[in-house]
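Down below is the structure, laid out as structure tokens.
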Amino acid sequence: MNYKHPQFRDMAGRLAQMFESKEGEGILRLITRLSTSPAEEPEKPGKLRVGTWEEANETNGRAFVRVNIGDPPYLWANVQKIPPKGPRRRIVLVGESVARGFLLDPHFTPAQALQKIMNTACGPDEIEVVDLARTDLKYEQLQQLITQALHLEPDALVIFAGNNWGVLPVNSQDRMLDIASAFRNTSSWRVVKEACESFLIDNARQTLRLLEGIAKERHIPVVFMLPEFNLADWVTEVDCPPLLDSEKTEAWLRAKSEAAQLLKGDDWEKAESLGERLLELDQCTTTAGPNVLAEVSQKRGDHQTAKMYREMARDSILGLPFTATPRCFSVIQKTIREEAAAHSVHLVDLPREFTEYLRGETPDSRLFLDYCHLTVEGIRFSMALTAETLLPLLKYPARSCKELAQVDMEVDGNVNACAHFLAAVHSCNWGQPLDVIRHHVRTALASDRGIARMMQLYLDFHIRRVPSSLSLSFEELCELPNITAIIAFYSDSIREKFLNIKLINLVSEELEAAGIPTRAQIEELLIKEHGINDGTVNLVDNFYSTVSLPRLLVDQRAEFYKSTAKDTTFVFVCDEFKPLKFAITMKVPAVRSDQTISLLLNGYLVAEFPATDRWTTSTCSIPPGLVQPGPNQVELSWPMPVWSGEKQRARVADCLEAGEMIEITPLFGLVHSFRVSGE
């Protein structure tokens, strides 16, 4: 730790004051922060490593053989040995999951596509592409892997990365102190976002300097592929703005709700002022305002403005301390775009190239399977651009991207079908719109009707109250010739399972529409596994209280359900029309004595309970006419809590100084148990 840092002296001064006032919690936090620094692991002498491969000397040179480094094998290319450098020109591809070909890997990958294109352009014995892409590759790992790649004696180095860089710099104490100091002085989360932007700019420049050194010292071409995001189809939502007082939070929620209603009808233009109001309230630290303004612009046919707002929405979540899907933020794109040439780095600018490829339209599911991972078409076009850049650099005749993209990739229909079905599941688990999920299911069935069996097997082990690995349906899935699906769906834990009714209904509907009977069997299984029947079901269970993966990741509950949304949705399954009894043990922080909690069943108000800041059990009876056989939806509508923004911001500043993550959005209610039983 830098003990000369101004924030360190400020922390020490406040620590002295805390000792006098006996604020135990604050004292412990600051003592921990002041007395610790990150441990440095000593370098271990041994053989050279390149990712998960270790050097092995052979008669014709140095090979690299795969060894166990603790990573799951599927994170890396399915290659057991990288042979010694031979007469062929060697291109090494380093990157993250987008370079791995996530959802298509290992059956079809960017490295394989680049190899086929280069074989066609240069001849089958001229070029060798080595695949060093790794799923879930973090920034620090990328820097290390780039350096390790030089052991392979590349003739060209291609970097396809930038999606996994956008996190709070919790590993940098000085940076966190700077962020905490700026936040304490301004009380605005906007300064945290700006600090993270500065952090990402530094990372981008550091990467460019590393690549410049390689290009000049090794005299080899270095190409950086700048990733793009699925701007048109991927929607990122947040429950509430960070660190506003209760009055402004209520105004934000009201504007967001009104805008959503207007966008559904003919008065959508009126939503524009509400989108601008959202931006004004949260200072663009949420996606709400940009999402509204992007949709208004899209309805007007103004694609360029809509894209600008979608980029703003993508970037708005930078610095928020909750899990969001990976993405390459604008500050990374801008820095590399403007400075790559000065560092002798050749650029493949996918954001610009994709827009031109789609004739000015915003990138969408034609090129993306989910938020950033590419379809077969997206991979083919991206690798054609890369080959177009590499050919003259390696002294081969120039070929146009359009010509190179015509190379036949020979991707099996079942591989493509599986990728789109996995994309449907992945997207639905992340709470994406129904039309996007439906597109992937239909594309999967159109690519290979045989994928229907995989869909049925998935629905079976998704619904069952056991880990997928213990289901006979998963055992049958393992007999199908698709390792990608087996890896994606394998689970030996029940803790992360939730009943995704939206996905179950949609897949069942599409299978029925395709003439494949499914619905009756699925409805029977739902009632068998989850029906209330004559027992009691606790809706706080992950199965019933989680509607999407972000909710599961944010909650991380140990004792009770934590609602960070004003309206909380649960599902339950009933075997028939029958009267039910609800018993809910809950409390509301910072509540007024006159506030109430509303309980709705399938959209109908059935009860209101007094809100209290103490644990209280409330009960009500539900007549059979409101209950439907199969899935039912119950909703708790919480009152608006009243809190001091100043106190909350002070506590957040303390936690930032200590390098701790903390909730920065309101907590509307806590549910210890929510039991549903037959009367």
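The values are calculated or read from the model by the stated rules, or taken from the named source; none is laboratory data. Bear in mind the structure is a predicted one, so any value in this text is a computation, not a measurement. FYI the Cβ positions are ideal-geometry reconstructions off the backbone, even for glycines, and counts take in every protein chain you see.
Overview of results
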read-out	value
Hey, N203 polar (S, T, N, Q) and assigned to a helix (DSSP H, G or I) or not	yes
Which listed residue is within 25 Å of the chain's Cα centre (by Cα), buried (at least 23 other Cβ atoms within 10 Å of the Cβ) and on the phi < 0 side of the Ramachandran plot, from A313, A324	A313
The range 596-618, residues that are farther than 18 Å from W643 by Cβ, touching a residue at least 12 places away in the same chain (Cβ under 8 Å) and hydrophobic (A, V, I, L, M, F, W, C)	L599, L600, L601, V606, A607, F609, W615
Every residue from the range 459-489 that is surrounded by 14 or more Cβ atoms within 10 Å (Cβ to Cβ), assigned to a loop (DSSP other than H, G, I, E, B) and out of contact with any Lys or Arg (no Cβ under 8 Å at 6 or more places or on another chain)	R464, C478, N482
Whichever residue in the range 239-259 is part of a loop (DSSP other than H, G, I, E, B) and aliphatic (A, V, I, L, M) and, among such residues, is surrounded by the most Cβ atoms within 10 Å (Cβ to Cβ)	L244
E524 being over 27 Å from the mean Cα position of the chain (by Cα), within 24 Å of F102 (Cα to Cα), in the same structural domain as S427 (by TED's automatic domain parsing) and not basic (K, R)	no
Residue, farthest from the chain's Cα centre (by Cα), within the range 596-618, restricted to residues that are small (G, A, S) and either in a loop (DSSP other than H, G, I, E, B) or not assigned by TED's automatic domain parsing to the domain that holds V642 (or both)	A611
Complete set of residues in the range 269-302 that are surrounded by fewer than 17 Cβ atoms within 10 Å (Cβ to Cβ) and in a helix (DSSP H, G or I)	E269, K270, S273, E276, E280, K299, R300
Near pairs, Cβ below 9 angstrom, 6+ apart or cross-chain, from the range 55-68 (under 12 Å from I82 (Cβ atoms)) to any residue that is surrounded by fewer than 15 Cβ atoms within 10 Å (Cβ to Cβ) and polar (S, T, N, Q)	A63/N57; V65/Q80; R66/Q80
Matching residues in the range 499-525 - criterion: being surrounded by 20 or more Cβ atoms within 10 Å (Cβ to Cβ), part of a helix (DSSP H, G or I) and of a type outside the set (V, I, T)	L503, S508, E510, L511
Residues located in the range 383-396, provided they are in contact (Cβ under 8 Å) with a residue 24 or more places away in the chain, out of contact with any Lys or Arg (no Cβ under 7 Å at 6 or more places or on another chain) and of a type outside the set (G, A, S)	M383, L385, T386, T389, L390, L393, Y396
When residues of the range 356-408 are limited to those that are in contact with a helix residue (DSSP H, G or I) (Cβ under 7 Å, 6 or more places away or on another chain) and among the acidic types (D, E), the one farthest from L434 (Cα to Cα)	E388
Residues that are more than 23 Å from V238 (Cβ to Cβ), surrounded by fewer than 16 Cβ atoms within 10 Å (Cβ to Cβ) and not acidic (D, E), drawn from the range 561-594	F577, P579, K581, A583, R592, S593
Residue satisfying condition, being in contact with a helix residue (DSSP H, G or I) (Cβ under 9 Å, 6 or more places away or on another chain), modelled with pLDDT under 95 and more than 29 Å from N500 (Cβ to Cβ), within set P641, P629	P641
Residues of the range 577-603 satisfying the condition of being charged (D, E, K, R) and within 15 Å of G669 (Cα to Cα)	K587, R592
Where a residue in the range 180-200 is at positive phi and its partner, wherever it lies, is among the basic types (K, R) and part of a helix (DSSP H, G or I), with Cβ under 7 Å and at least six apart	S187/R649
Only one of S297, S344 that is among the small types (G, A, S) and either more than 20 Å from L263 (Cα to Cα) or in contact with a Gly (Cβ under 6 Å, 6 or more places away or on another chain) (or both)	S344
The one condition in (1) touching a residue at least 12 places away in the same chain (Cβ under 8 Å); (2) assigned by TED's automatic domain parsing to the domain that holds K647; (3) of a type in the set (S, T, Y) that S593 fails to fulfil	(1)
Qualifying residues in the range 644-678 (those that are farther than 21 Å from A590 by Cβ and among the aliphatic types (A, V, I, L, M)) - the one modelled with the lowest pLDDT	M661
When residues of the range 129-170 are limited to those that are over 24 Å from R209 (Cβ atoms) and buried (at least 21 other Cβ atoms within 10 Å of the Cβ), the one farthest from the chain's Cα centre (by Cα)	V129
Restricting the range 372-429 to residues that are farther than 22 Å from C122 by Cα and in contact with a strand residue (DSSP E or B) (Cβ under 9 Å, 6 or more places away or on another chain), the residue that is surrounded by the most Cβ atoms within 10 Å (Cβ to Cβ)	L374
